[in-house]
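Enquirer: My structure is below; once you've seen it, I'll send some questions.
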Amino acid sequence: MKKASNVFNENKLLIIGLVVLIVVLGFALVVLAIGKAGAPSNIGKVNALAESQDECVVCHRKDTPGIVDQYGHSSMAAADVKCVDCHEVAADYPGAVEHEGVNVLQSPTVAMCQKCHEDEVAQYLHSRHALPAYVSYAGSDGLTAEQLDEYQAIPEGDFDPQKARNAIYALEGPEITRFACESCHDIGKPSVDGSTGQCQKCHLRHEFSLTQARKPETCNNCHIGPDHPQWEIYFESSHGIAYSTMGDTWNWEADPGTLGVDDFPAPTCAICHMSGFGRTPTSHDVGDRLTWFLTAQVSMRRPSWEANMKKMQSVCRECHNENFIAEFYQAADDATEAVNSLVRQADEIIQPLKDKNLLTSAPFDEPVDFVYFENWHHWGRTAKFGVWMQGADYTQWHGAYEMLSDLADLNQIGDEKLNTANP
Ligand code: HEC
Ligand code: HEC
Ligand code: HEC
Ligand code: HEC
Ligand code: HEC
Ligand code: HEC
Ligand code: HEC
Ligand code: HEC
């Protein structure tokens, strides 16, 4: 039998235990609440379609709940833009499929967006993200007269739009290129209704989120790899370091046109190339702020380079002073010319071989073709991009150094071929 005092002691312990438990639980709840308040704002974003009785929404809530949920959290749904505004077309519209008593497009085209976003579409159509991206692999033969005009209105530089572009495309064949060239370059592909491009390459459906479009990961879909490593370069730069280490504290959802240094202390790809930032207006023409055709074998100035430079520099000027930027541009121009001259050296080695018919006429059928190509197409470009976007390792070891190494190889191959031809 237990003593009375023991029973009393056990009860006291139980009560103390309960009090401690309640205090601990209460504390945990407070911590949780503070944590919630500091969480990213979009987690608490309202679902504009939660109560919607729209026919498409009601059925698709069951059939494809993901699409309805994502669209519900978009600012377009909040602004009362409906599924049918993008999807519904007349029965005779190119690409229309009959669906639940109406006609819909499976993949809404730029013509649909254009109804409400005329300016963005006009700028985009004047950019190299439109037809030039597509012509890069498909050539311009299949374009309508109207599309050809649209294409030719976009600055090209004096590299020939058709020349040798399709060589690798044709060599690899459609089984591969569908998942390669086309996946990236279809950003500018004409649709069945004749309108050009795919906004959804950057604005992932169905959230159409500004946060997502403004992040460098969006561009990483295509601007990556040995021939255009802008992604890798950015992450190596001070700007990219600021993004990687502090980006989660930036104001990603700032309204278009209000974005400035209060929101972003360092730029992403979009800030330098597209966004309205401080005093600079937004543009969907990604060529609008560029001075050089850096992608070209030998880089040359763009037709309106001086006006373009002012626009890019006005972005830099939100954070850097005038001298800093002027000196940077001067040094980067000099480096661009220096890379041009390394590219020209390769031509000087190859030209005598061409003159003496010592190269086969077929493209990419002997090692020398690859060495020559990679010299400008991979390393030359990479060196230039590294300079302009502050990626020292890419300018150096993935750029200029590789060029020196390729030039040595080309010299040796050239000498051997000349010696064999004239022993
Ligand atoms: C009664 C149910 C129902 C209604 C109403 C409905 N849908 Fe659908 N929808 C479906 C189903 C089921 C599919 C097929 C889904 C699948 O293949 O997984 C579909 C497919 C689609 C597709 C893809 C078509 C394709 O061929 O790939 C689109 C686009 C679409 N719906 C849009 C709409 C729009 C816009 C509305 C409103 C006008 C709408 N739907 C109304 C049930 C519905
Ligand atoms: C702002 C324009 C826009 C609105 C509004 C819109 N969509 Fe779409 N939707 C698109 C685009 C663009 C695609 C094609 C994406 C692609 O081809 O990569 C698409 C594709 C689809 C598809 C086929 C692709 C798939 O993943 O199954 C379905 C189904 C669909 N939408 C349903 C809906 C429904 C339901 C709504 C309303 C809740 C809606 N969409 C609202 C632009 C829109
Ligand atoms: C019926 C008109 C309409 C159509 C069609 C339409 N939009 Fe919109 N869109 C709007 C409106 C209105 C807003 C503004 C929402 C706001 O400011 O809150 C908007 C905003 C946006 C935004 C900015 C989102 C944000 O958070 O501010 C993007 C991106 C966008 N639209 C892309 C598209 C694309 C891509 C298409 C075609 C596939 C398209 N829209 C079709 C009316 C439309
Ligand atoms: C990972 C995405 C991606 C793949 C795959 C890809 N490209 Fe590109 N391509 C790009 C990007 C991005 C540029 C622009 C580079 C720049 O401006 O720095 C480009 C530039 C080009 C250019 C120079 C621009 C012009 O219009 O003259 C050509 C030509 C080209 N690509 C053809 C091809 C061909 C042919 C293939 C397949 C054999 C291919 N690309 C595969 C992303 C890609
Ligand atoms: C190369 C990527 C890219 C493509 C392609 C693209 N956008 Fe955008 N878009 C962006 C970025 C980045 C922003 C955010 C701009 C900012 O920071 O204010 C944006 C913003 C917008 C906005 C919000 C208003 C504004 O001007 O800031 C609309 C509307 C829009 N895009 C429509 C479109 C339409 C329509 C298309 C197709 C014709 C399209 N976009 C293609 C990257 C893209
Ligand atoms: C789906 C693939 C794709 C995505 C995503 C993409 N681009 Fe591009 N981009 C291309 C291709 C392809 C080209 C080359 C087109 C040509 O010159 O023929 C290009 C060219 C460019 C150019 C050079 C334009 C010129 O006039 O020479 C810039 C700058 C650029 N992109 C910036 C961006 C930024 C910033 C983003 C992200 C917000 C982005 N791109 C997203 C495929 C893409
Ligand atoms: C600090 C601003 C800044 C940032 C951030 C930035 N860029 Fe650039 N980018 C530039 C400048 C400056 C040039 C060269 C401009 C010129 O020709 O005058 C350039 C050149 C380019 C080109 C080459 C265009 C051509 O002529 O072929 C592409 C493509 C490009 N950037 C894409 C990107 C992508 C993708 C990102 C992010 C991963 C990015 N940029 C980040 C400033 C920036
Ligand atoms: C939103 C602010 C912002 C904008 C816009 C911006 N930068 Fe920067 N930049 C920074 C910050 C922050 C740093 C890191 C400063 C440091 O090293 O302490 C930086 C560093 C640099 C550096 C030094 C890199 C190094 O490794 O030493 C260069 C060069 C530079 N920026 C060029 C540019 C150019 C060119 C532009 C415009 C095309 C530009 N920046 C636009 C914020 C910005």
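The values are calculated or read from the model by the stated rules, or taken from the named source; none is laboratory data. These numbers come from a predicted model, not from an experiment. With ideal geometry, Cβ positions are generated from the backbone for all residues, glycine too; neighbour counts draw on all protein chains shown. All accessible areas refer to the heavy atoms of the entire protein, side chains included, with ligands and DNA or RNA removed. Shrake-Rupley method; radii C 1.70, N 1.55, O 1.52, S 1.80 Å.
Enquirer: Residues being part of a loop (DSSP other than H, G, I, E, B), within 16 Å of ligand 3 (Cβ to nearest atom), over 30 Å from Y372 (Cβ atoms) and of a type in the set (A, V, I, L, M): count how many of those fall in region 258-309.
Expert: 2
Enquirer: Filter region 172-198 down to the residues that are in a helix (DSSP H, G or I) and open to solvent by 40 Å² or more (accessible area, probe 1.4 Å), then identify the one that is nearest to ligand 2 (Cβ to nearest atom). Can you show your working first?
Expert: Initial filter on region 172-198 (in a helix (DSSP H, G or I)): 172, 174-177, 181-188.
Now drop any that are not open to solvent by 40 Å² or more (accessible area, probe 1.4 Å), which leaves 172, 174-176, 183-185.
Details: E172: 24, P174: 20, E175: 21, I176: 21, S183: 12, C184: 14, H185: 15 Å.
Top of the filtered list is S183.
Enquirer: Now for a separate question. Can you tell me how many residues in region 133-161 are open to solvent by less than 50 Å² (accessible area, probe 1.4 Å), more than 23 Å from G173 (Cβ to Cβ) and modelled with pLDDT of 90 or more?
Expert: The qualifying residues number 3.
Enquirer: Test each condition in (1) outside any helix (DSSP H, G or I); (2) among the β-branched types (V, I, T); (3) over 24 Å from A133 (Cα atoms) for T211 and report the one that comes out false.
Expert: Every listed condition holds for T211 apart from (1).
Enquirer: Need at least 2 residues that are in contact (Cβ under 8 Å) with a residue 60 or more places away in the chain, open to solvent by 40 Å² or more (accessible area, probe 1.4 Å) and more than 20 Å from T282 (Cα to Cα) per element, so show me which helices (runs of 4 or more DSSP H) inside region 48-131 make the cut, counting only ones lying wholly within it. Before you say what the answer is, go through the steps one by one.
Expert: On the way: elements: 55-63, 65-72, 75-78, 83-87, 110-114, 118-125.
Answer list for region 48-131: 65-72.
Enquirer: Next question. With respect to N221, determine if the residue is polar (S, T, N, Q) and at pLDDT below 95.
Expert: Numbers: polar (S, T, N, Q): yes; at pLDDT below 95: no.
Considered against the rule, which asks whether it is polar (S, T, N, Q) and at pLDDT below 95, N221 comes out as no.
Enquirer: State which residue is nearest to ligand 1 (Cβ to nearest atom) when the search covers only region 216-241 and only residues that are out of contact with any helix residue (DSSP H, G or I) (no Cβ under 8 Å at 6 or more places or on another chain) and not in a helix (DSSP H, G or I).
Expert: Among those residues, the one meeting the criterion is G225.
Enquirer: Here's a follow-up. Against the definition (within 13 Å of ligand 7 (Cβ to nearest atom), part of a helix (DSSP H, G or I), touching a Pro at 6+ places or on another chain (Cβ under 9 Å) and not hydroxyl-bearing (S, T, Y)), how does G414 come out, yes or no? Even if it seems obvious, please write down each step before you answer.
Expert: Working: within 13 Å of ligand 7 (Cβ to nearest atom): no; part of a helix (DSSP H, G or I): yes; touching a Pro at 6+ places or on another chain (Cβ under 9 Å): yes; not hydroxyl-bearing (S, T, Y): yes.
Here the answer is no, as G414 does not meet what is asked.
Enquirer: Then there's this: Answer yes or no as to whether T420 is within 31 Å of the chain's Cα centre (by Cα) and away from ligand 4 (no atom under 14 Å from the Cβ). Quick ask: steps written out before the conclusion?
Expert: On the way: within 31 Å of the chain's Cα centre (by Cα): no; away from ligand 4 (no atom under 14 Å from the Cβ): yes.
Here the answer is no, as T420 does not meet what is asked.
Enquirer: Could you please let me know if E337 is within 27 Å of G380 (Cα to Cα), out of contact with any helix residue (DSSP H, G or I) (no Cβ under 7 Å at 6 or more places or on another chain) and charged (D, E, K, R)?
Expert: On the way: within 27 Å of G380 (Cα to Cα): yes; out of contact with any helix residue (DSSP H, G or I) (no Cβ under 7 Å at 6 or more places or on another chain): yes; charged (D, E, K, R): yes.
The answer is yes for E337.
Enquirer: Would you confirm, using the coordinates I've provided, whether A266 is modelled with pLDDT under 95, assigned by TED's automatic domain parsing to the domain that holds G380 and not polar (S, T, N, Q)?
Expert: Taking the combined requirement at face value, the residue does not satisfy it.
Enquirer: Conditions first: (1) in contact (Cβ under 8 Å) with a residue 60 or more places away in the chain; (2) open to solvent by 50 Å² or more (accessible area, probe 1.4 Å). F293 passes all but one, so which condition is the exception?
Expert: It fails just one condition, (2).
Enquirer: I'd like the full set of residues that are among the charged types (D, E, K, R) and open to solvent by 50 Å² or more (accessible area, probe 1.4 Å), limited to region 202-219.
Expert: Residues of region 202-219 that are among the charged types (D, E, K, R), as a first pass: 205, 207, 214-215, 217.
R205, E207, K215, E217 - these are the residues of region 202-219 that are among the charged types (D, E, K, R) and open to solvent by 50 Å² or more (accessible area, probe 1.4 Å).
Enquirer: Just the residues that are open to solvent by 60 Å² or more (accessible area, probe 1.4 Å) and within 15 Å of ligand 6 (Cβ to nearest atom), please, taken from region 305-334.
Expert: W305, K311 - these are the residues of region 305-334 that are open to solvent by 60 Å² or more (accessible area, probe 1.4 Å) and within 15 Å of ligand 6 (Cβ to nearest atom).
Condition check ((1) among the hydrophobic types (A, V, I, L, M, F, W, C); (2) open to solvent by less than 20 Å² (accessible area, probe 1.4 Å)) across all residues:
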residue: C222; (1), (2): yes, no
residue: T249; (1), (2): no, no
residue: P256; (1), (2): no, no
residue: I271; (1), (2): yes, yes
residue: G278; (1), (2): no, no
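Enquirer: Oh, and also: Only one residue in V371, V315 is in contact with a strand residue (DSSP E or B) (Cβ under 9 Å, 6 or more places away or on another chain), in contact (Cβ under 8 Å) with a residue 40 or more places away in the chain and either in a helix (DSSP H, G or I) or on the phi < 0 side of the Ramachandran plot (or both), so which one is that?
Expert: Exactly one residue qualifies, and that residue is V315.
Enquirer: For a quick check of your reading of the model, give me the residue pairs whose first member lies in region 167-187 and is within 16 Å of I224 (Cα to Cα), whose second is open to solvent by 50 Å² or more (accessible area, probe 1.4 Å) and more than 16 Å from ligand 2 (Cβ to nearest atom), with beta-carbon atoms closer than 6 Å and at least 6 apart or on different chains.
Expert: C181/Y169
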